[in-house]
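The values are calculated or read from the model by the stated rules, or taken from the named source; none is laboratory data. This is a predicted model, so every value here is computed, not measured. Every residue, glycine among them, receives a Cβ derived from its backbone with ideal geometry; neighbour counts consider all protein chains shown.
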Amino acid sequence: MRGAIWRKLRKPIPPRAGILISMSRLPALFTTHPASVGETYGEHLATASGFGFRLIGAGLACLLHGLLPWTFTSTGSRAIRELHERMVTHRRRQ
């Protein structure tokens, strides 16, 4: 998995990439990835937002745990386990 991501990142960026996007290609930017995981744009937005807010909460709990070690002793690790389980068990790649 890491190797595939690294290869993607190392690909040369085409000239003017991201600067001018064909208007006919614009909708595909919002639907290609969600469709690849079996979701609509709205479903993907809701799922990703839920994950993001959960991670923010877990991150804040970890920061407080760092300051006050007796608080939130397992909140961060539990959130990571639950999010991983949710992502892996609900994955619908096509």
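Summary table below
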| item | result |
| --- | --- |
| Given (1) in a helix (DSSP H, G or I); (2) at pLDDT 95 or above; (3) among the polar types (S, T, N, Q), number of the condition T47 does not satisfy | (2) |
| Count of residues meeting criterion [closer than 23 Å to P34 by Cβ, surrounded by 11 or more Cβ atoms within 10 Å (Cβ to Cβ) and either among the hydroxyl-bearing types (S, T, Y) or in contact with a Ser or Thr (Cβ under 8 Å, 6 or more places away or on another chain) (or both)] in the range 49-84 | 0 |
| Any chance A28 is assigned to a helix (DSSP H, G or I), at pLDDT 90 or above and either exposed (fewer than 11 other Cβ atoms within 10 Å of the Cβ) or more than 15 Å from the chain's Cα centre (by Cα) (or both) | no |
